[in-house]
Amino acid sequence: MKQKNIFIKTFGCQMNEYDSNRIYDNVSKLGFKKTEDQSNVECYILNTCHIRDKAKEKVYHEIGRVKKLYRGKKKPIMVVAGCVAQAENEEMLKREPYIDIVIGPQSYHKINDLLKKHELNSKQEETEFDTISKFGYFDKIKNNNSKISAFLTIQEGCDKFCHFCVVPYTRGPEYSRPFNNIIQEAEQLIENGAKEITLLGQNVNAYSYVENSKEFKISNLINYLNQYSELDRIRYTTSHPRDMTDDLIDCYSNNKKLMPFVHLPIQSGSDKMLQLMNRKHTVNDYIKIYEKLKKINKDIEFSSDFIIGYPGETQKDFEDTFELIEKIKFINSFSFIFSPRPGTKASNLKLIDKKIAKDRLIAIQDKLFNNQIELNKSLENTTMEVLVENKLEKQDKYFGRNKFLSPVIFDGSEEDIGKIVNIKIKTSNQNTLFGFYDKNMRAA
Ligand code: SAM
Ligand code: SF4
Ligand code: F3S
């Protein structure tokens, strides 16, 4: 089979990263080989995200860039995948003749057929929600991802319909993959060398798979994965406060491989705003989860997502969010100004003043960044366990993460890639810890 080059550019969340890897596992059957050289490929895939801002415009901008790269050369097959493809579908083909294929996230099992048909039928669009067939197809294809820290999608879609969010429209209804198929894929990843697996889903803790009247939940998956001696760490993201059930909370007392770091988006510290957003939980529900987890292990750290300047947000609502951040010292959190998304309930609401929203975002980010800097400072001169992931490009330094997912850069050695080592932290900045290890202190 003639080898052809492919470049996949990925935007958005970890689920898109997982999808890009699986798309590659699939298209490699047609002889496509990944390259880092964007300007010399037979197929170019943009795996897009629709969550905020001018997502659609960004895609057309990217295509403009690719067009320039290929001026005077044979154009690649241009594929737009991901959430913008789902939201915009055939409109994209009409607006931009450079695009050949538009494919939504629940149709990736059809990509090889579309690529094969490309010569005969030049413009194609595939945006059915066909999640069961997609996973049924991919379950038969080996996951070749050989990263030390690997993603594994267990659940897709969302039935919660927060008023600001496009995900229920771009990923479709909630679907949970069969338990055994997930375990089989986890075994492939472990065989490929994964030491850490992050279970993924738009509502990962809503995972629920029923077989012979027995329900399997995410807690069952975590406890099952705990048995694999070659696997060191288990994580999951993104979870929703409503699905933070006691069986999952109990995993933090029974399961040593489950990392003591919980990414649990709250969006706002004001009950009024949570109701306007249709979040279906209160601030108090959230604090109760926080307290239960802290009672199990006081060292568990939390991170969250915040939407600032949602329509109707008053200074008091904003101060409530600020207060929550003083109470829960979130680390590694994300905060964004509300971005109206076409087709969502909040898209037509009256926006608050731009300058006020921006000032609030700056204030909240200052607070979150300060929490992070303080935590990182407090870790200087301490020794911590780090899973070594890779060597940095063009530097004689190594990269890994601590239990709280914080990046750690240190003087390491090739032989420790894939191992957990003890690193003594010397300095830090807001995002990263810097240190070295003493071979005599190796942890595992
Ligand atoms: N399912 C997760 C949950 O319920 O929190 C969130 C998934 S969403 C892909 C990731 C984050 O994007 C959200 O937590 C929210 O903070 C942010 N987000 C989603 N829609 C947004 C919008 N219209 N404007 C600003 N931020 C948004
Ligand atoms: Fe979006 Fe809300 Fe669903 Fe999360 S729970 S994916 S924020 S609609
Ligand atoms: Fe973006 Fe779709 Fe993920 S909108 S955040 S790529 S689910």
- [ ] Evaluate the stretch 399-409: report whether one residue or more is aromatic (Phe, Trp, Tyr), more than 23 Å from the chain's Cα centre (by Cα) and not assigned by TED's automatic domain parsing to the domain that holds Gly193.
- [x] no
TODO: Answer yes or no: is there a residue in the stretch 79-97 that is in contact (Cβ under 8 Å) with a residue 24 or more places away in the chain, part of a helix (DSSP H, G or I), open to solvent by 70 Å² or more (accessible area, probe 1.4 Å) and not assigned by TED's automatic domain parsing to the domain that holds Ile182.
DONE: yes
- [ ] Could you tell me which of the residues Ile51, Ile8 is in a loop (DSSP other than H, G, I, E, B), within 14 Å of ligand 3 (Cβ to nearest atom), not assigned by TED's automatic domain parsing to the domain that holds Arg341 and not basic (Lys, Arg)?
- [x] Ile51
Open item on the list: List the residue pairs whose Cβ atoms are under 8 Å apart, where the first residue sits in the stretch 240-259 and is farther than 19 Å from Tyr228 by Cα and assigned to a loop (DSSP other than H, G, I, E, B), the second is of a type in the set (Val, Ile, Thr) and open to solvent by less than 70 Å² (accessible area, probe 1.4 Å), and the two are 6 or more positions apart or on different chains.
Closed with: Met244/Ile289
Open item on the list: Which residue is nearest to Gln86 (Cα to Cα), if the candidates are limited to the stretch 126-171 and must be basic (Lys, Arg) and open to solvent by 20 Å² or more (accessible area, probe 1.4 Å)?
Closed with: Lys160
Task: Selection from the stretch 350-402 of residues that are surrounded by 15 or more Cβ atoms within 10 Å (Cβ to Cβ) and of a type in the set (Asp, Glu) - done: Glu385, Glu389
TODO: From the list Glu211, Glu174, pick out the single residue that is more than 16 Å from ligand 3 (Cβ to nearest atom), open to solvent by 10 Å² or more (accessible area, probe 1.4 Å) and under 23 Å from Phe135 (Cα atoms).
DONE: Glu211
TODO: Could you tell me whether any residue of the stretch 37-48 is within 23 Å of the chain's Cα centre (by Cα), at pLDDT below 95, more than 16 Å from ligand 2 (Cβ to nearest atom) and open to solvent by 30 Å² or more (accessible area, probe 1.4 Å)?
DONE: no
- [ ] Could you tell me whether Lys134 is away from ligand 1 (no atom under 16 Å from the Cβ) and touching a His at 6+ places or on another chain (Cβ under 9 Å)?
- [x] yes
TODO: Among residues belonging to the stretch 292-333 that are among the hydrophobic types (A, V, I, L, M, F, W, C) and assigned to a strand (DSSP E or B), point out the one that is most open to solvent (accessible area, probe 1.4 Å).
DONE: Ile307
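Scan the stretch 103-114 and give yes if some residue there is part of a loop (DSSP other than H, G, I, E, B) and within 18 Å of the chain's Cα centre (by Cα), otherwise no. Walk me through it before giving the result.
Step one: of the stretch 103-114, the residues part of a loop (DSSP other than H, G, I, E, B) are 104.
From what's left, within 18 Å of the chain's Cα centre (by Cα): 104.
Yes, there is a match, as at least one residue in the stretch 103-114 is part of a loop (DSSP other than H, G, I, E, B) and within 18 Å of the chain's Cα centre (by Cα).
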Task: Residues (over 9 Å from Gly309 (Cβ atoms), among the charged types (D, E, K, R) and away from ligand 3 (no atom under 16 Å from the Cβ)) located in the stretch 334-364 - done: Lys345, Lys350, Lys355, Asp359
Open item on the list: Taking the conditions exactly as written (β-branched (Val, Ile, Thr), open to solvent by less than 10 Å² (accessible area, probe 1.4 Å) and touching a Lys or Arg at 6+ places or on another chain (Cβ under 7 Å)), does Ile222 satisfy them or not?
Closed with: no
Task: Scope the stretch 341-377; condition touching a helix residue (DSSP H, G or I) at 6+ places or on another chain (Cβ under 6 Å) and without any contact (Cβ under 8 Å) to a residue 60 or more places away in the chain; matching residues - done: Arg360, Lys367
Task: Selected residue [surrounded by fewer than 18 Cβ atoms within 10 Å (Cβ to Cβ) and part of a helix (DSSP H, G or I)] from Gly64, Gly72 - done: Gly64
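Within the stretch 260-283, which residues are assigned to a helix (DSSP H, G or I) and free of Cβ contacts under 8 Å to residues at least 60 places away in the same chain?
Asp271, Lys272, Met273, Leu274, Gln275, Val283
Could you list, in sequence order, all residues of the stretch 115-147 that are of a type in the set (A, V, I, L, M), within 25 Å of the chain's Cα centre (by Cα) and in a helix (DSSP H, G or I)?
Of everything in the stretch 115-147, just one residue is of a type in the set (A, V, I, L, M), within 25 Å of the chain's Cα centre (by Cα) and in a helix (DSSP H, G or I), namely Ile132.
So that you can scan it fast, the table gives a plain yes or no per residue for (1) touching a Gly at 6+ places or on another chain (Cβ under 6 Å); (2) in a strand (DSSP E or B):
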| site | (1), (2) |
| --- | --- |
| Leu375 | no, no |
| Asn381 | no, no |
| Glu385 | no, yes |
| Val388 | yes, yes |
| Gln395 | no, no |
| Phe404 | no, no |
| Phe410 | yes, yes |
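Matching residues to (1) in contact (Cβ under 8 Å) with a residue 24 or more places away in the chain; (2) within 16 Å of ligand 1 (Cβ to nearest atom):
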| residue | (1), (2) |
| --- | --- |
| Phe161 | yes, yes |
| Phe164 | yes, yes |
| Thr170 | yes, yes |
| Asn180 | no, no |
| Glu196 | yes, no |
| Gln202 | yes, yes |
| Ala206 | yes, yes |
| Val210 | no, no |
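The values are calculated or read from the model by the stated rules, or taken from the named source; none is laboratory data. Small disclaimer: the values here were computed from a predicted structure and weren't measured. Because the Cβ atoms are built from the backbone with ideal geometry, glycine has one as well, and the counts that use them run over all protein chains shown. Heavy atoms of the whole protein, side chains included, go into the accessibility calculation; ligands, DNA and RNA do not. Shrake-Rupley method; radii C 1.70, N 1.55, O 1.52, S 1.80 Å.
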